[in-house]
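Colleague: First the structure, which I've put down as structure tokens, then a few questions once you've had a look.
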Amino acid sequence: MATTRELVTLTEAYSAHNYHPLPVVIARAQGVWVTDVEGRRYMDMLSAYSAMSHGHSHPELIATLVEQAARVAVTSRAFHNDQLGPFARELCELCGMDLMLPMNTGAEAVETAIKAARKWGYRVKGVPRYDAEIIVCENNFHGRTTTVVSFSTETLYREDFGPFTPGFKVVPYGDLDALEAAVTPNTVAFLVEPIQGEAGVVVPPEGYLRKVRALCDQHQVLLVVDEIQTGLGRTGKMFAFQHEDVVVDMMTLGKALGGGLLPVSAVVGRSEVLGLFTPGEHGSTFGGNPLACAVGRKAIEILVRDDLPGRAAELGDYFMTRLRAIDSPHVDHVRGKGLLIGVVLKPSAGGARRFCEALMDEGVLCKETHENVIRFAPPLVVTREEIDLAVAKAAKVLQMP
């Protein structure tokens, strides 16, 4: 078998350099643990940015994948298949919504929500055609398609990729006054992450989403939440917006919806919005394929049956308490909800990357975000004992000079 160095060299030679991964080459995985090509074991504290919430190689999900693939994997949406209807019903019931539209990746779900919100603006709200505005937040992350980077505030995502798609306004995250000032008669939607993951696990002020909901109602604006990373149990509720007990008009889902096996995403929303699509206006070759739907159904079943949101709430509180107890000259504070946790380092710490590299050497895999934040987001099946081990390794690494 090729070595880590050989495989990293091969990847760097033939794969575009659009990522800067840690120098570990994973060959096998089970639950919270992954093993590299040399047989070294690591604890996965990133879980593929929440895509691996069920843990690696969940046996029931694997069995569902194999069984469905042996029957039928992909059918064109020119025909019906026997998995989409049940998947759509179960997902809508889980979300308390009327309709869903299946796609593959999270970015596709966001693009779909943008199209739906604009169509609603023209057909229902009466906004002059092509004048629709959507408000987003600074430091947002909704994907990297051309339209999505058009409203990113991250220079790296935008610099060489214009001209940009018009129709977006950007306001500070968590600032209700700024949001209200940005609303015009042409505003059709506010697209927001309940917790900003890529921005460094940023939690908005208490009550923010409730006030946003009231403001959207006042001005006939759709509230669209991006739950691709925060949804499906990650923050201790099935969906992160439920921490404030609000009702939303649309949400985007992905990552954990595929059970860590397949790219599966969806937009779920009110029929007044998603019901406006007519045949031919939107679609996807693989969106809603029977293999993806079968895996998505099993992923939902396990989330509910095993109360993975409840585990995330309990173990997330425990994890954050343990992390906050670490006496380190480098740590400013720890923030998050459930098992989406950010350890925010002081500017003097020299950035989070070096700590993530040191944690890798200690057998713990996590990733820096926004340069000075170490993100801990293990699979929701993680145990208290595994958390204790990760905290012990983190405490050691955070003592580095």
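The values are calculated or read from the model by the stated rules, or taken from the named source; none is laboratory data. Here the structure is a predicted model, which is why all the values come from computation and not from measurement. Cβ placement follows ideal geometry from the backbone for every residue including glycine, while neighbour counts extend to all protein chains displayed.
Colleague: May I ask you to list the residues in the stretch 272-310 that are assigned to a loop (DSSP other than H, G, I, E, B) and within 18 Å of GLY85 (Cβ to Cβ)? Spell out how you get there, then give the answer.
Modeller: To start, the set of residues in the stretch 272-310 that are assigned to a loop (DSSP other than H, G, I, E, B) comprises 275-289, 306-307.
Hits for the stretch 272-310 are GLY275, PHE277, PRO279, GLY283, SER284, PHE286, GLY287, GLY288, ASN289.
Colleague: Also, quick follow-up: So, of the residues in the stretch 241-271 that are assigned to a helix (DSSP H, G or I) and of a type outside the set (Gly, Ala, Ser), which turns out to be surrounded by the most Cβ atoms within 10 Å (Cβ to Cβ)?
Modeller: LEU257
Colleague: Also, quick follow-up: Can you tell me which residue within the stretch 143-162, out of those that are assigned to a helix (DSSP H, G or I) and polar (S, T, N, Q), is surrounded by the most Cβ atoms within 10 Å (Cβ to Cβ)? Write out each step before concluding.
Modeller: Going through the stretch 143-162, the residues assigned to a helix (DSSP H, G or I) turn out to be 146-149, 155-158.
Next, only the ones that are polar (S, T, N, Q) stay: 146-147, 155.
On the way: THR146: 12, THR147: 18, THR155: 7.
Step by step, filter the stretch 143-162, then rank; the result is THR147.
Colleague: Consider GLU368 carefully, then state whether it is at negative phi, part of a strand (DSSP E or B), buried (at least 16 other Cβ atoms within 10 Å of the Cβ) and not assigned by TED's automatic domain parsing to the domain that holds GLN242.
Modeller: Yes, satisfied.
Colleague: Output the residues belonging to the stretch 256-295 that are of a type outside the set (Gly, Ala, Ser) and more than 20 Å from VAL224 (Cβ to Cβ).
Modeller: LEU261, LEU262, PRO263, THR278, PRO279, THR285, PHE286, ASN289, PRO290, LEU291, CYS293, VAL295, listed by residue number.
Colleague: Going by the structure shown, is LEU84 within 22 Å of the chain's Cα centre (by Cα), touching a residue at least 40 places away in the same chain (Cβ under 8 Å) and within 25 Å of ALA294 (Cβ to Cβ)?
Modeller: It is false that LEU84 is within 22 Å of the chain's Cα centre (by Cα), touching a residue at least 40 places away in the same chain (Cβ under 8 Å) and within 25 Å of ALA294 (Cβ to Cβ).
Here's the yes/no breakdown for (1) in contact with a helix residue (DSSP H, G or I) (Cβ under 9 Å, 6 or more places away or on another chain); (2) modelled with pLDDT of 95 or more; (3) surrounded by 15 or more Cβ atoms within 10 Å (Cβ to Cβ); (4) not aromatic (Phe, Trp, Tyr):
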{"site": "ALA325", "(1), (2), (3), (4)": "yes, yes, no, yes"}
{"site": "LYS337", "(1), (2), (3), (4)": "yes, yes, yes, yes"}
{"site": "VAL343", "(1), (2), (3), (4)": "yes, yes, yes, yes"}
{"site": "SER348", "(1), (2), (3), (4)": "no, yes, no, yes"}
{"site": "ASP361", "(1), (2), (3), (4)": "yes, yes, no, yes"}
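Colleague: For VAL203, state whether it is surrounded by fewer than 23 Cβ atoms within 10 Å (Cβ to Cβ), over 18 Å from GLY121 (Cα atoms) and among the β-branched types (Val, Ile, Thr).
Modeller: Here the answer is yes, as VAL203 does meet what is asked.
Colleague: From the list GLU133, GLU93, GLU154, GLU108, exactly one residue is within 18 Å of GLY258 (Cβ to Cβ) and acidic (Asp, Glu). Which is it?
Modeller: Working: GLU133 fails: within 18 Å of GLY258 (Cβ to Cβ); GLU93 fails: within 18 Å of GLY258 (Cβ to Cβ); GLU154 fails: within 18 Å of GLY258 (Cβ to Cβ).
After ruling out the rest, the residue left standing is GLU108.
Colleague: Related question: For THR64, are the conditions met, namely being polar (S, T, N, Q) and touching a residue at least 40 places away in the same chain (Cβ under 8 Å)? Quick ask: steps written out before the conclusion?
Modeller: On the way: polar (S, T, N, Q): yes; touching a residue at least 40 places away in the same chain (Cβ under 8 Å): yes.
It is true that THR64 is polar (S, T, N, Q) and touching a residue at least 40 places away in the same chain (Cβ under 8 Å).
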